[in-house]
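Read the structure below first, then the notes.
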Amino acid sequence: MADLLVLWDVDYTLVSADGLGTRLYEVVFREMFGRELPAVAPKAGRTDRAIVGDTLALAGVSRAEVGPFLAALARVAADGAVPGPVRPMAGASGAVAALASAGIRQSVLTGNIRPLAALKLRRAGLGDDLDLDVGAYGDVHEVRAELVTVARRAAARAYGADFSGPATVLVGDTPLDVAAARATGARAVAVATGSYSAAELTAAGAEVVLPDLTDTARVLAAVTGAVTRPVDIGGRRIAPGPSSAASSSAGPPVPRWRSTGPPPRDGRGRR
Ligand SMILES: [Mg+2]
């Protein structure tokens, strides 16, 4: 298999951190400005740099404070003292391990700043197979797509391989994850475990939408969907299907590959 680079989104793709990020924002805001944080700007799919800018604006604070706020956030996250349970999303651990076994390079592409991503992954028991040094993080840019270039460059340097085009695969739970992939020629695999439905993620242009990460063979097939010949994955023969345009928002997502083996046995009626 040619070199593949899989870049995982963190929140609601690999982990559920249930407000840990918000608590850290509150701690830092109180520390810097001596009052309670009134509100946090919308977060889904966005980078910490963008979220902090809008959050400070909502609180009437100058955007000039974004840099110092991100620095304080990094310090508090690295310190790891703020409590907050983090759990892995269903199937995340097995999916990461399976991709690693298949020789696929893996890191993260996340709106989180690196210390916060590392904290969440550590608390969720994930990360052993993720090379965080080649990841791209939310302090770099407000626009998620810009992070793809950063990660590709880092991975090319680290591994001496070319990850341009669909050799890079983004896996995420929001239309912004999908948009970042599409804007950079990467392959977009979406997982409907966040606040967006499979139909919404399909409409955003994801090449494959998975209900979750529990079917490891399906995750592997989705990630390697650029293969042009049938492959055996986990005992199932996977044939690439015809390239299909994104379906309308009415129906379930249509994956580009189809299993010629028996249907999944999890009884959940998934495709
Ligand atoms: Mg996410």
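The values are calculated or read from the model by the stated rules, or taken from the named source; none is laboratory data. Everything numeric in this text was worked out from a predicted model, so none of it was measured. Backbone-built Cβ (ideal geometry, glycine too); neighbour counts: all protein chains shown.
For the range 1-45, give me the residue count where each residue is free of Cβ contacts under 8 Å to residues at least 40 places away in the same chain, within 16 Å of the ligand (Cβ to nearest atom) and closer than 20 Å to Gly80 by Cβ.
The qualifying residues number 1.
Results for (1) farther than 12 Å from Val148 by Cβ; (2) away from the ligand (no atom under 11 Å from the Cβ); (3) assigned to a loop (DSSP other than H, G, I, E, B), shown as yes or no for each residue.
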{"residue": "Ala179", "(1), (2), (3)": "no, yes, no"}
{"residue": "Gly185", "(1), (2), (3)": "no, yes, yes"}
{"residue": "Ala188", "(1), (2), (3)": "no, yes, no"}
{"residue": "Ser195", "(1), (2), (3)": "yes, no, yes"}
{"residue": "Glu200", "(1), (2), (3)": "yes, yes, no"}
{"residue": "Ala206", "(1), (2), (3)": "yes, yes, yes"}
{"residue": "Asp212", "(1), (2), (3)": "yes, yes, yes"}
{"residue": "Arg218", "(1), (2), (3)": "yes, yes, no"}
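Pick from Asp173, Asp139: which is in the same structural domain as Thr214 (by TED's automatic domain parsing), of a type outside the set (Ser, Thr, Tyr) and more than 15 Å from the ligand (Cβ to nearest atom)?
Step by step, each of Asp173, Asp139 is checked, and only Asp139 is in the same structural domain as Thr214 (by TED's automatic domain parsing), of a type outside the set (Ser, Thr, Tyr) and more than 15 Å from the ligand (Cβ to nearest atom).
Can Ala155 be described as at pLDDT 95 or above, within 15 Å of the ligand (Cβ to nearest atom) and touching a Leu at 6+ places or on another chain (Cβ under 7 Å)?
Numbers: at pLDDT 95 or above: yes; within 15 Å of the ligand (Cβ to nearest atom): no; touching a Leu at 6+ places or on another chain (Cβ under 7 Å): yes.
The answer is no for Ala155.
Out of the range 123-143, which residues are outside any helix (DSSP H, G or I) and under 18 Å from Leu73 (Cα atoms)?
Correct list: Ala136, Tyr137, Gly138, Asp139, Val140, His141, Glu142.
Which residues, counting only those in the range 196-218, are small (Gly, Ala, Ser), surrounded by fewer than 24 Cβ atoms within 10 Å (Cβ to Cβ) and under 16 Å from Pro175 (Cα atoms)?
Hits for the range 196-218 are Ser197, Ala198, Ala199, Ala203, Ala204, Gly205.
How about the range 18-49: which of its residues are part of a loop (DSSP other than H, G, I, E, B) and within 30 Å of Phe163 (Cα to Cα)?
Lys43, Ala44, Gly45, Arg46, Thr47
How many residues does the range 176-194 hold that are small (Gly, Ala, Ser) and touching a Phe, Trp or Tyr at 6+ places or on another chain (Cβ under 7 Å)?
Taking the range 176-194 and keeping what is small (Gly, Ala, Ser), we get 179-181, 183, 185-186, 188, 190, 192, 194.
Imposing the further condition that a residue be touching a Phe, Trp or Tyr at 6+ places or on another chain (Cβ under 7 Å) reduces the set to 194.
The number of residues fulfilling the criteria is 1.
Could you tell me whether any residue of the range 172-192 is among the polar types (S, T, N, Q), modelled with pLDDT of 95 or more and touching a helix residue (DSSP H, G or I) at 6+ places or on another chain (Cβ under 7 Å)?
Checked against the condition, which is being among the polar types (S, T, N, Q), modelled with pLDDT of 95 or more and touching a helix residue (DSSP H, G or I) at 6+ places or on another chain (Cβ under 7 Å), the range 172-192 yields at least one hit.
Among the residues of the range 55-82, count how many are touching a residue at least 24 places away in the same chain (Cβ under 8 Å) and within 23 Å of Leu14 (Cβ to Cβ).
8
Name the single residue, out of those in the range 90-122 being in contact with a helix residue (DSSP H, G or I) (Cβ under 8 Å, 6 or more places away or on another chain), part of a helix (DSSP H, G or I) and among the charged types (D, E, K, R), that is surrounded by the most Cβ atoms within 10 Å (Cβ to Cβ).
Going through the qualifying residues, I end up with Lys120.
So the check is Cβ under 7 Å with 6+ separation or different chains; which pairs have a first residue in the range 167-192 that's in contact (Cβ under 8 Å) with a residue 40 or more places away in the chain and a second one that's among the aliphatic types (A, V, I, L, M) and surrounded by fewer than 20 Cβ atoms within 10 Å (Cβ to Cβ)?
Ala167/Ala2; Thr174/Ala44; Ala180/Ala145
One line per residue, one yes/no per condition, for (1) of a type in the set (Val, Ile, Thr); (2) under 13 Å from the mean Cα position of the chain (by Cα); (3) more than 15 Å from the ligand (Cβ to nearest atom):
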{"site": "Ala78", "(1), (2), (3)": "no, no, yes"}
{"site": "Ala81", "(1), (2), (3)": "no, no, yes"}
{"site": "Thr110", "(1), (2), (3)": "yes, yes, no"}
{"site": "Ala124", "(1), (2), (3)": "no, no, no"}
{"site": "Asp128", "(1), (2), (3)": "no, no, yes"}
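Given the condition in a loop (DSSP other than H, G, I, E, B) and either of a type in the set (Ser, Thr, Tyr) or surrounded by fewer than 22 Cβ atoms within 10 Å (Cβ to Cβ) (or both), answer yes or no: does some residue in the range 168-176 qualify?
Taking every residue of the range 168-176 in turn, at least one turns out to be in a loop (DSSP other than H, G, I, E, B) and either of a type in the set (Ser, Thr, Tyr) or surrounded by fewer than 22 Cβ atoms within 10 Å (Cβ to Cβ) (or both).
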